[in-house]
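Everything below concerns the one structure shown next.
The values are calculated or read from the model by the stated rules, or taken from the named source; none is laboratory data. If you're wondering where the values come from, they're calculated on a predicted model, not measured in any experiment. When we count neighbours, we look across all protein chains shown, and the Cβ atoms used for this are built from the backbone with ideal geometry, even at glycine. Side chains are part of the model used for accessible areas, which takes the heavy atoms of the whole protein and leaves out ligands, DNA and RNA. Shrake-Rupley method; radii C 1.70, N 1.55, O 1.52, S 1.80 Å.
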Amino acid sequence: MRNDRRQRMNRLATSIVASMVALSALSQVKGSQPQLVVGIVIDQLRSDYIELLQSQMSADGFNRLLREGAVFDNAAFNCPQVDATSGTALLMTGAYPRINGVAWGQTFDPDKLVARDIFADSHYIGNFTTDKYSAAALQASTLADEVRIDNNGLGSVYAIAPDAQMAIALAGHAANGACWINDATGNWASTTYYPEVPQCVQSRNYGRPLAARLDTMQWQPLLPAGQYTSVPEASRYYAFRYTFGGQQADRIKRFKQSALANEEVASVAIDCLNSLKLGRRGQLDMINVGLSAAPVQWAKGGDGRFELADTYLRLDRQIARLLAAIDAAVGRGRAVVFVASTGHFDTGHAVDPKFKIPTGEFHPDRATSLLNMYLMAVHGNGNWVQGYHHGSFYLNRRLIKERNANLAAVRAEASAFLRQMSGITAAYTLDEILNNPSGDDMKAINRATVPQLAGDVTVEIAPGWDVVETQGKTHTVKHVRATAACAPIMILAPQVRAQRTGSTIDAALLAPTVARLLRIRSPNAAALSPLALH
């Protein structure tokens with residue numbers, strides 16, 4: 001009897017010790033650093049479209065994010081004229097353009113008097129492309145950089161996107177590699193600024209080149225037209241169908257702007273995730289993926305809502321593919337995944353004149369000529385205005401210095417003159433923007449202004465107007481319209497419960513918040529305190 005009692009006590013003690021060991025091990029697993037982080041940045045992603053089409057989406061794409069993740073319906077970027085490149089840079093640095101150096105995807109080159117890509121850099125050459133890029137324009141570290149720095153470069157970081165600018169903003173300075181689709185050849189391209197082009201990407205270029213597959217591709221509605229009930233009947237009366245045949249000179253650019261490009265990007269990202277064994281090497285790894293929910297600018301049906309609804313439904317399937325691949329690689333719920341919008345929305349279509357909405361055309365080239373004539377009348381002959389780009393006029397600062405004119409005074413004169421032009425509702429000098437940003441609008445412009453790259457006078461064009469820019473025989477028309485849409489951020493992470501917040505948060509919070517979940521440093525310009533997620 002005594003021996004039986006002693007044996008029962010020993011078994012109980014052994015069971016307690018085993019339970020304590022198991023709980024300790026479980027605690028260590030839960031408290032350990034995640035091995036994989038996946039960033040999915042989607043250009044022009046809108047909360048309202050996700051809600052509108054939610055019932056037609058799969059259970060494993062956006063609906064999984066809504067069901068299991070921390071969801072923020074409205075991330076404010078707090079900067080005017082943000083685009084895919086600058087929005088991505090803001091998300092990844094946790095800092096506004098004035099600090100991170102990237103105000104938009106293109107900047108004005110005062111020496112060549114043309115716009116150039118912000119990341120263009122002749123010091124490096126391209127892989128599978130003649131384009132030359134680097135991340136030198138980024139003036140702050142990114143979340144991707146901090147992942148690499150955390151373990152002295154032992155972790156791997158890659159970025160995959162349809163566009164070079166977005167890929168580089170996602171990759172940062174220290175990534176192993178960044179890849180995008182080359183506009184001329186359709187090859188997956190990179191730059192020697194980064195040390196690697198993954199073997200799976202090279203194999204895809206040689207074995208399954210996009211250019212060889214485009215002839216067989218076509219984009220048409222994923223579902224029968226009658227099932228797109230979110231689209232007005234008049235807009236879906238005729239089903240769309242787009243092809244990318246060899247006779248089209250711009251077929252690769254058109255493909256990249258179509259909903260089919262997201263599938264290509266997701267496939268390459270999954271190939272990299274699997275072949276590089278990301279998240280399975282004992283180090284914190286990261287892969288960032290750029291996708292698009294942008295409206296089709298060349299839609300045949302007028303406003304493009306039919307195509308946009310289809311884009312979201314197809315995008316949902318690619319999100320589901322990516323999440324499934326992540327689960328297969330490291331286990332369900334063991335990676336940190338964030339999905340974020342770039343925060344800008346390009347509606348792009350003017351309203352039919354029959355509705356009598358006030359409108360007009362603003363021609364920057366004509367405004368530049370008139371401003372130059374005015375300054376010549378005041379200060380004498382000369383080329384006083386170098387050009388216009390992205391809402392800003394650039395003055396000839398060298399000529400102003402040669403004529404011993406006061407730069408601030410000439411800016412003020414130019415601003416006063418431009419305010420009198422039809423279609424211009426406001427004009428601000430660079431001095432006002434940098435030194436006296438009074439009011440919410442001016443403060444927002446200040447945050448979006450990179451002093452070294454900024455124009456001398458920034459103007460605002462009236463809503464409803466078209467900005468018509470002419471370069472040679474090419475005319476570009478941009479319709480001015482404020483879009484009151486919400487940009488979502490969604491986070492899936494271990495120990496983060498499902499939650500949803502409708503109130504506005506600052507988009508710059510994403511980087512420090514993800515850094516906190518990863519237990520690494522925030523990017524060096526991320527000044528906001530991270531969100532406390534539980």
Matching residues, segment 161-175, being surrounded by fewer than 24 Cβ atoms within 10 Å (Cβ to Cβ) and either aliphatic (A, V, I, L, M) or assigned to a helix (DSSP H, G or I) (or both):
ALA174
Here's a check for you: in segment 281-297, which residue that is small (Gly, Ala, Ser) and farther than 19 Å from PRO221 by Cβ is least open to solvent (accessible area, probe 1.4 Å)?
GLY290
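Looking at the structure I just gave you, is ASN182 of a type in the set (S, T, N, Q), in contact (Cβ under 8 Å) with a residue 40 or more places away in the chain and either more than 26 Å from THR342 (Cα to Cα) or crowded, with 21+ Cβ neighbours inside 10 Å (or both)?
In short, yes.
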Given the condition touching a helix residue (DSSP H, G or I) at 6+ places or on another chain (Cβ under 6 Å) and either farther than 29 Å from ILE357 by Cα or surrounded by fewer than 15 Cβ atoms within 10 Å (Cβ to Cβ) (or both), answer yes or no: does some residue in segment 463-471 qualify?
yes
Given the condition basic (Lys, Arg), surrounded by 17 or more Cβ atoms within 10 Å (Cβ to Cβ) and free of Cβ contacts under 8 Å to residues at least 60 places away in the same chain, answer yes or no: does some residue in segment 245-252 qualify?
yes
So ASP431, is it under 26 Å from the mean Cα position of the chain (by Cα) and open to solvent by 30 Å² or more (accessible area, probe 1.4 Å)
no
Of (1) under 29 Å from GLY464 (Cβ atoms); (2) open to solvent by 60 Å² or more (accessible area, probe 1.4 Å), ASN406 satisfies all except one. Which?
(1)
If you scan segment 101-131, which residues turn out to be within 21 Å of TRP188 (Cβ to Cβ) and part of a loop (DSSP other than H, G, I, E, B)?
GLY105, PHE119, ASP121, TYR124, ILE125, PHE128, THR129, THR130, ASP131
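Residue by residue through segment 100-123, note down the ones that are of a type in the set (A, V, I, L, M) and closer than 24 Å to VAL289 by Cα.
If the condition is that a residue be of a type in the set (A, V, I, L, M) and closer than 24 Å to VAL289 by Cα, then VAL102, ALA103, ILE118, ALA120 are the ones that fit.
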It is to be established whether one or more residues within segment 254-275 are at pLDDT below 95, assigned to a helix (DSSP H, G or I) and in contact with a helix residue (DSSP H, G or I) (Cβ under 7 Å, 6 or more places away or on another chain).
no
Total residues in segment 507-523, condition in contact (Cβ under 8 Å) with a residue 24 or more places away in the chain and either over 9 Å from GLY94 (Cα atoms) or among the acidic types (Asp, Glu) (or both)
7
Would you pick out the residues in segment 344-375 that are part of a loop (DSSP other than H, G, I, E, B) and among the aliphatic types (A, V, I, L, M)?
ALA350, VAL351, ILE357
When only residues in segment 320-354 that are under 16 Å from LEU66 (Cα atoms) and touching a Gly at 6+ places or on another chain (Cβ under 6 Å) count, which is least open to solvent (accessible area, probe 1.4 Å)?
PHE338
Is there a residue being more than 16 Å from VAL37 (Cα to Cα) and crowded, with 21+ Cβ neighbours inside 10 Å anywhere in segment 113-121?
yes
For segment 377-458, please list each of the helices (runs of 4 or more DSSP H) lying entirely inside it that holds at least 2 residues being under 20 Å from ILE99 (Cα atoms).
430-435, 439-447
Checking the conditions here, which among THR449, THR504, THR474, THR458 is open to solvent by 40 Å² or more (accessible area, probe 1.4 Å), on the phi < 0 side of the Ramachandran plot and in contact with a strand residue (DSSP E or B) (Cβ under 9 Å, 6 or more places away or on another chain)?
THR504
